[in-house]
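Enquirer: Have a look at this one.
The values are calculated or read from the model by the stated rules, or taken from the named source; none is laboratory data. Please read all numbers here as calculations on a predicted model, not as lab measurements. Cβ coordinates were reconstructed from backbone atoms using ideal geometry, including for glycine residues, and neighbour counts include every protein chain displayed.
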């Protein structure tokens, strides 16, 4: 019987359906057992024993039951002429055997049918876990076909060897020892596969979140920019790009609504292993805690009005009182449910529940794979749409491009590009600073893992150490002041003062010294207590089991934090590219400044393939040509500006600047 089902009525649903289909024409008896198996590590092993006769309840038996001895006799044979024997003879002889039991294939059919009946009952009772009667090889092949690598790994194992009840009862039976070792290894195998699957799913989830976050940040940055807010989108080209971006935003939001996180999938799986009462209590408990947290956050946002405004002050106090009463009511309600919730948690942590919950979690996430892929694809499409619109807004469109440029115009355009790059570099610097604050170092991850393992004791200890250091800092000036007063007391000539004055000052200093000694002693006790507590926590964390758990928690923290590392890497790569372009723009401006002094007033430049370039692209290519970039000089022409309409007045820079190159070479040699 499935471990998920708990009541006899649920077991009987399966048994009755199976008997109705396969044993309705047979005498049978069954017994349901639900005990802890001899080799099941404390897990319950619900099962049913069904005993039945292969002989049919034929028409004779239905009319009048045979005697017990007669029922199992050989059935009455037909007469020589082929006619049926009389009823009396059939009744005295045994019932006929059902020939289906001679067919070996029928056992396989029963096995498959029993699995179908179990799954139907599991579904009726709200469980999504399913029984599969097929071989491990067949299940593995199906998993590989469906692209489920987790299940394929899970089914890549050897079936266990059958061990009978007699072997289990014998001491040191080699079969039992082998089976125990096999089950131990299978448990480790299952645990490792679960970890691999959890890491893979979490990585996929983080990558999807990163992709969405990057696209959302780029979208917000663009929509907040001056170029976007002031743009009227009168151009059909820009309007098309804007609509494309808005469609991509809607697509991202659509898939975000159907995506299921690993935490939500696990919570759904847990609900399947609760009764209706437990499920309602569980959900109500966490809803109550969420309401309490919202109320506390609301209190923090409230600002106290001025003392002069009596009405507002009264309303504020009434509101504070009402909210505090509600918080107390929610806290009382949560405390009443806490014990039951913790009992449910402990029950779900048992191996027979925990493994099934992990399996159901995997099934939920696997069914949501398509949605995650579509969300990632939609976010990538949004990122591309934002990029296209940004390029169209920041770089002038083709209709605004010029055919030719003066040297000063080229310089101004390059300078504008440089300023835009500098602004982007500054924005990236701020973004990089915020991301760096989110990144957790391995040392900090280990500390956080230790703190989680000891249920926040490290954090509380650190707060106590901080308070101790503050108290110690306050004591230091008091001790200095007392030492100064004590020194002055010793130096002073008390013979000229009345005896009473001397005694008063002496009493005051003694009292001060006593109080300071008490304070120092108290601080020393606190320090000793804190050191002991820290040593106790360190000893606890150094234990092998604890160290292993802490390492797993730390790896989980770093894995979750890896998205910030990836974001920082992307921002740094982008910033590196921006800095390279800025340095190149500086070189271009320097070359253009030198060229302005050499060119005539009307000298103009143009790119011979300008119909495919924007104004900024053309200016950048001209600047590269002035820098004598080999590829650029082949595409840029120059004119003295006297007759721009005449093509013959334009001369390619590759030819025009030969004399300039020769002249510069001569100057260098001189």
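Enquirer: Can we say residue 371 is at pLDDT 85 or above and surrounded by fewer than 20 Cβ atoms within 10 Å (Cβ to Cβ)? Give the steps one after another, and end with the answer.
Expert: On the way: at pLDDT 85 or above: yes; surrounded by fewer than 20 Cβ atoms within 10 Å (Cβ to Cβ): yes.
It is true that residue 371 is at pLDDT 85 or above and surrounded by fewer than 20 Cβ atoms within 10 Å (Cβ to Cβ).
Enquirer: Within the bounds of region 8-29, is there any residue that is out of contact with any strand residue (DSSP E or B) (no Cβ under 6 Å at 6 or more places or on another chain), loosely packed, with under 10 Cβ neighbours inside 10 Å and not in a loop (DSSP other than H, G, I, E, B)?
Expert: Looking for residues that are out of contact with any strand residue (DSSP E or B) (no Cβ under 6 Å at 6 or more places or on another chain), loosely packed, with under 10 Cβ neighbours inside 10 Å and not in a loop (DSSP other than H, G, I, E, B), one finds at least one in region 8-29, hence yes.
Enquirer: Also: Which residue out of 550, 452, 440, 446 is closer than 30 Å to residue 564 by Cβ and not in a helix (DSSP H, G or I)? Working first, answer last.
Expert: Details: 550 fails: not in a helix (DSSP H, G or I); 452 fails: not in a helix (DSSP H, G or I); 446 fails: not in a helix (DSSP H, G or I).
Just a single option satisfies the conditions, and that option is 440.
Enquirer: Related question: Which helices (runs of 4 or more DSSP H) sit wholly inside region 571-670 and have at least 3 residues that are at pLDDT 85 or above? Show your work before the answer.
Expert: Details: elements: 615-626, 630-633, 653-656, 658-669.
Once the helices (runs of 4 or more DSSP H) in region 571-670 are filtered for at least 3 residues that are at pLDDT 85 or above, what remains is 615-626.
Enquirer: Next up: Taking the stated definitions as given, is residue 386 modelled with pLDDT under 90, assigned to a helix (DSSP H, G or I), in contact with a helix residue (DSSP H, G or I) (Cβ under 7 Å, 6 or more places away or on another chain) and within 18 Å of residue 261 (Cβ to Cβ)? Step through it out loud before you land on a result.
Expert: Numbers: modelled with pLDDT under 90: yes; assigned to a helix (DSSP H, G or I): yes; in contact with a helix residue (DSSP H, G or I) (Cβ under 7 Å, 6 or more places away or on another chain): yes; within 18 Å of residue 261 (Cβ to Cβ): no.
Considered against the rule, which asks whether it is modelled with pLDDT under 90, assigned to a helix (DSSP H, G or I), in contact with a helix residue (DSSP H, G or I) (Cβ under 7 Å, 6 or more places away or on another chain) and within 18 Å of residue 261 (Cβ to Cβ), residue 386 comes out as no.
Enquirer: State the number of residues belonging to region 427-455 that are out of contact with any helix residue (DSSP H, G or I) (no Cβ under 9 Å at 6 or more places or on another chain) and over 15 Å from residue 568 (Cα atoms).
Expert: Total satisfying the criteria: 2.
Enquirer: Another question about this same structure. Checking residue 97 against (1) under 29 Å from residue 12 (Cβ atoms); (2) touching a residue at least 24 places away in the same chain (Cβ under 8 Å); (3) touching a helix residue (DSSP H, G or I) at 6+ places or on another chain (Cβ under 6 Å), which test does it fail?
Expert: In the conditions (1) under 29 Å from residue 12 (Cβ atoms); (2) touching a residue at least 24 places away in the same chain (Cβ under 8 Å); (3) touching a helix residue (DSSP H, G or I) at 6+ places or on another chain (Cβ under 6 Å), residue 97 misses (3) alone.
Matching residues to (1) free of Cβ contacts under 8 Å to residues at least 24 places away in the same chain; (2) out of contact with any strand residue (DSSP E or B) (no Cβ under 8 Å at 6 or more places or on another chain); (3) part of a helix (DSSP H, G or I):
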residue: 57; (1), (2), (3): no, yes, no
residue: 66; (1), (2), (3): no, yes, no
residue: 76; (1), (2), (3): yes, yes, no
residue: 79; (1), (2), (3): yes, yes, no
residue: 88; (1), (2), (3): yes, yes, yes
residue: 105; (1), (2), (3): yes, yes, yes
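Enquirer: Another question about this same structure. Suppose we filter region 114-145 for residues that are under 26 Å from residue 273 (Cβ atoms) and modelled with pLDDT of 85 or more; how many remain? Give the steps one after another, and end with the answer.
Expert: So the first thing to find is which residues in region 114-145 are under 26 Å from residue 273 (Cβ atoms), and the list is 114-134, 136, 139, 142-143.
Imposing the further condition that a residue be modelled with pLDDT of 85 or more reduces the set to 114-125, 130-134, 136, 139, 142-143.
Counting residues in region 114-145 that are under 26 Å from residue 273 (Cβ atoms) and modelled with pLDDT of 85 or more gives 21.
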